[in-house]
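The values are calculated or read from the model by the stated rules, or taken from the named source; none is laboratory data. Keep in mind it's a predicted model, so treat the numbers as computed, not measured. Cβ atoms come from the backbone with ideal geometry, glycine included; neighbour counts cover every protein chain shown.
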C-alpha cells in the first residue's frame with residue numbers, strides 16, 4: 001500500500017500467487033531472501049526498507065552509533081535467517097549487516113542479486129558460499145569478497161548456527 005500497488009499487481013510482478021502474497025503480508029508464511037529481493041525490486045526499494053525495530057537513537061549518537069539493543073532487524077526466522085542492520089544510516093557508501101543462519105537455512109535457491117560489491121567475515125559456524133556454479137565452504141574466521149554484479153547464495157549445512165558479518169556498497173546493493 002505504501003508504494004501504491006495492489007496485492008494482485010505485486011503477485012504478478014514477483015511471479016507468485018495472490019494468496020501467497022497475502023499470507024506474507026499477514027505474517028502467516030515464511031519468505032526467502034530471494035523472494036524478498038523480488039518484492040523489493042517490484043516496489044522499487046532496497047531490502048533494508050523491510051528492516052524493523054527501534055531505529056531511534058539518542059540525539060548525540062544518531063548517525064554515528066548503533067547500540068546492540070537498538071538494531072533494526074529483518075526477521076526471516078520462518079526460513080531460519082535473521083539479519084540485523086549495523087549501519088546507523090544508509091546515506092553513506094556502506095551498509096553493514098550481521099546475519100544469523102540456523103542449521104539447514106539458506107538465502108534461497110535463487111540466491112541474492114548483487115548490484116554492487118560485498119565482502120564478509122564468518123564470525124562463527126560454517127557456511128557454504130555458492131558463486132557462479134562454484135561452492136566454497138567457509139568456516140569461522142574465513143572471509144570473502146564479491147566484486148562483480150551477479151548472484152550468490154549462502155547455505156548453512158552444519159549443525160550449529162552460523163553468523164556472518166558483511167558490508168555492501170552501495171547500501172541496499174542486493
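Checking the condition under 19 Å from residue 148 (Cα atoms) and either in contact with a strand residue (DSSP E or B) (Cβ under 9 Å, 6 or more places away or on another chain) or in a loop (DSSP other than H, G, I, E, B) (or both), which residue from 120, 108 passes? Steps first, please.
On the way: 108 fails: under 19 Å from residue 148 (Cα atoms).
Among 120, 108, only 120 is under 19 Å from residue 148 (Cα atoms) and either in contact with a strand residue (DSSP E or B) (Cβ under 9 Å, 6 or more places away or on another chain) or in a loop (DSSP other than H, G, I, E, B) (or both).
Suppose we filter 157, 153 for residues that are over 25 Å from residue 44 (Cβ atoms) and either under 14 Å from the mean Cα position of the chain (by Cα) or part of a loop (DSSP other than H, G, I, E, B) (or both); which single one remains?
Working: 153 fails: over 25 Å from residue 44 (Cβ atoms).
After ruling out the rest, the residue left standing is 157.
If a residue has to be exposed (fewer than 14 other Cβ atoms within 10 Å of the Cβ) and either modelled with pLDDT under 95 or part of a strand (DSSP E or B) (or both) to count, how many in region 125-143 make the cut?
Looking only at that region, the number is 8.
Do we find a residue being within 24 Å of residue 63 (Cα to Cα), in contact with a strand residue (DSSP E or B) (Cβ under 8 Å, 6 or more places away or on another chain) and surrounded by 16 or more Cβ atoms within 10 Å (Cβ to Cβ) anywhere in region 144-165? Walk me through it before giving the result.
Start the filter on region 144-165 by keeping residues that are within 24 Å of residue 63 (Cα to Cα), which leaves 164-165.
Add one more test, that the residue is in contact with a strand residue (DSSP E or B) (Cβ under 8 Å, 6 or more places away or on another chain), and what stays is 164-165.
Remaining after also requiring surrounded by 16 or more Cβ atoms within 10 Å (Cβ to Cβ): 164-165.
Yes, that holds for at least one residue.
Where the second residue is surrounded by fewer than 16 Cβ atoms within 10 Å (Cβ to Cβ) and not in a strand (DSSP E or B) and the first is at positive phi and modelled with pLDDT of 85 or more and lies in region 97-124, which pairs have Cβ atoms under 8 Å and are six or more apart or on separate chains?
104/157
One residue is enough: does region 55-78 have a residue meeting the conditions modelled with pLDDT under 75, surrounded by 11 or more Cβ atoms within 10 Å (Cβ to Cβ), in a loop (DSSP other than H, G, I, E, B) and touching a strand residue (DSSP E or B) at 6+ places or on another chain (Cβ under 6 Å)?
yes
Condition test on residue 166, is it within 29 Å of residue 89 (Cβ to Cβ), in a strand (DSSP E or B) and touching a residue at least 12 places away in the same chain (Cβ under 8 Å)? Quick ask: steps written out before the conclusion?
Working: within 29 Å of residue 89 (Cβ to Cβ): yes; in a strand (DSSP E or B): yes; touching a residue at least 12 places away in the same chain (Cβ under 8 Å): yes.
Yes; evaluated as a whole, the condition is true for this residue.
Scan region 32-47 residue by residue and report those that are at pLDDT 70 or above and within 21 Å of residue 104 (Cβ to Cβ).
Looking only at region 32-47, we keep the residues that are at pLDDT 70 or above, and these are 35-45.
Within region 32-47, 35, 36, 37 qualify.
Quick check on residue 90: is it touching a helix residue (DSSP H, G or I) at 6+ places or on another chain (Cβ under 9 Å) and part of a loop (DSSP other than H, G, I, E, B)? Give the derivation first.
On the way: touching a helix residue (DSSP H, G or I) at 6+ places or on another chain (Cβ under 9 Å): yes; part of a loop (DSSP other than H, G, I, E, B): yes.
The answer is yes for residue 90.
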